[in-house]
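The values are calculated or read from the model by the stated rules, or taken from the named source; none is laboratory data. All figures in this text were calculated on a predicted structure; none of them were measured in a lab. Please note: Cβ atoms are built from the backbone with ideal geometry, for glycine as well, and neighbour counts cover all protein chains shown. Ligands, DNA and RNA are excluded from the accessible area calculation, which covers all protein heavy atoms including side chains. Shrake-Rupley method; radii C 1.70, N 1.55, O 1.52, S 1.80 Å.
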Amino acid sequence: MDIKKVVVCGGGVLGAQIALQAQYSGFDTTIWLRSEGSVERAKPRLEKFTEQRLNDLELMKEEQTKFNFAGGLVDSYDDFDYEATVEKVKKAHEELTLETDMEKAFDDCDLIIEAMTENLDQKKEFYESIQEYLPEKTIICTNSSSLLPSEFMEATGRPEKFLALHFANGIHKMNVVEVMRTSETEDEYVEIVTQFAKDIRMQPLVLKKEKAGYLLNSLLIPFLTSGLDLYATGVADIEDIDNAWKIGTGAPMGPFDIYDIVGLKTPYSINEDLAKNPKENFVYDFDKMQAVLKEKIDDEKIGVETGEGFYKYDEDGNKID
Ligand SMILES: NC(=O)c1ccc[n+]([C@@H]2O[C@H](COP(=O)([O-])OP(=O)(O)OC[C@H]3O[C@@H](n4cnc5c(N)ncnc54)[C@H](O)[C@@H]3O)[C@@H](O)[C@H]2O)c1
């Protein structure tokens, strides 16, 4: 199945960016919004995100650093045609369709990406309300960050064609996307959505099953939590904790660098949840984890030292692709 028409539902922070990205990559893209008021609120947002892309392209022209590279827009600095890319970004903005009429929006639509406010009941109600307008072929993806797709898959009326496609804020630069199926999603649709992610210049990260927090937040939240715990309980100062990580592993940022980028309000509310459900949130399956390590150790795959661990290495210790 070829994806041609894409409808993004919701024109907020993420919806606006996803729609610009899909249109930029050549898909016929519509943003469905629930009212004329939402349309008027979405317009300046689309302008702002377009302006941001143009500013980043200008920065890339002037200065080439790993921090200003917009992989969602171009392949590399070397084959980057500034004038042509600027035109393409502007054209994507001009060609986007904004629509409040469901019948028109969903007509002949191949893929829906739902990027509405994080509210389970409202999302369910929305999925139920669109069923009568959707062609049989339409695949539905949710961009939800904290809800599991299985929580509302029945409301879509097509759980086999429903999965999560989770973008990161700033998608033209942070161009990864997490593809997460439910137990009901059919393989075929996971493959189509993964290909679509590549076609809109994202790097797809495919989860084999549902996991709250997907990949990135499942890694990041324990990391940030441990950093804050070390500081809050008086073990060390902020700079030393960051340096332990940065100098000790060669990573560019420590936990407190990341806190400042994310903004402190989100971790605060995540911690409120974690404090209420500590067991559920920080329990690891040590039996399965040890079995993974033991099998490697038994096979002499201990790491760089033996030429193979989780990855393979040449004699000089360089990773082999
Ligand atoms: N903001 C982020 O950094 C981020 C990152 C990844 C995923 N997400 C997810 O993306 C989704 C949207 O987040 P956002 O930050 O863009 O939110 P936002 O508040 O900026 O935008 C929400 C949009 O949904 C629309 N909306 C709200 N209720 C609606 C309803 N009942 N019917 C139709 N439209 C409705 C609003 O008009 C608005 O256009 C959420 O599920 C969120 O978890 C957000």
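With the cut-off at 33 Å, report for the chain the share of all Cα pairs above it, as a whole percent.
Roughly 36 percent, rounded to a whole number.
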message: At 1.4 Å probe size, with the rest of the protein present, what percent of the exposed accessible area of region 143-194 is carbon and sulfur atoms?
response: 46 percent
query: Which of F49, Y268, T142 sits closest to the plus end of the dipole of the chain, meaning its Cα is farthest towards the positive end, when Lys and Arg get +1 and Asp and Glu get -1 on the C-beta?
result: Y268
- line: Cα extents of region 48-158 along the principal axes, largest first, in whole Å, come to 49, 30, 24
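Per residue, how much accessible area does the chain have with a 1.4 Å probe, in Å²?
Values: 18570 Å² over 321 residues.
I get 58 Å² per residue for the chain.
Can you flag which of K4/K43; K265/K294; K161/K211; K4/K90; K137/K209 are past 29 Å Cα-Cα?
On the way: K4/K43 23 Å; K265/K294 40 Å; K161/K211 19 Å; K4/K90 20 Å; K137/K209 23 Å.
In this structure, K265/K294 exceed 29 Å between Cα atoms.
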- prompt: Highest mean first, what order results for 218-228, 138-148, 10-20 on Cβ atoms within 10 Å?
  reply: 10-20, 138-148, 218-228
- line: Measuring from the longest principal axis of the C-alpha atoms of the chain, the long axis of helix 13-24 (C-alpha) lies at a number of degrees, nearest 10, equal to 70 degrees
message: So for the chain, averaging the separation of alpha carbon pairs under 8 Å that are six or more residues apart and normalising by length, what relative contact order in percent results?
response: 13 percent
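Taking all protein chains as present, what is the carbon and sulfur share of the accessible area of region 95-139, in % to the nearest whole number, probe 1.4 Å?
Numbers: 850 of 2330 Å².
C and S fraction of accessible area: 37 percent.
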query: So how tilted is helix 82-95 from the main axis of the chain? Cα-based, degrees 0 to 90, rounded to 10.
result: 50 degrees
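Seen from all sides and averaged, what is the projected area of the convex hull of the Cα atoms in region 198-260, in nm²?
Numbers: hull surface 24.2 nm².
Projected area, direction-averaged: 6.0 nm².
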- line: On the formula 1/(1 + (r/R0)^6), with r taken between the Cβ atoms of S218 and D314 and R0 of 41 Å, the FRET efficiency rounded to 0.05 is 0.85
task: Could you tell me whether region 109-233 comes out rounded, prolate or oblate from its Cα gyration tensor? Rule is a ≥ b ≥ c as square roots of the eigenvalues, rounded for a/c under 1.5, then prolate if a/b exceeds b/c, otherwise oblate.
output: prolate
- line: Each label sits 7 Å from Cα toward the beta-carbon; between T65 and D78 the label points are separated, in nm, by 2.4 nm
query: Pairing the Cα long axis of helix 216-232 with the longest principal axis of the chain, what angle in degrees results, from 0 to 90 and rounded to the nearest 10?
result: 50 degrees
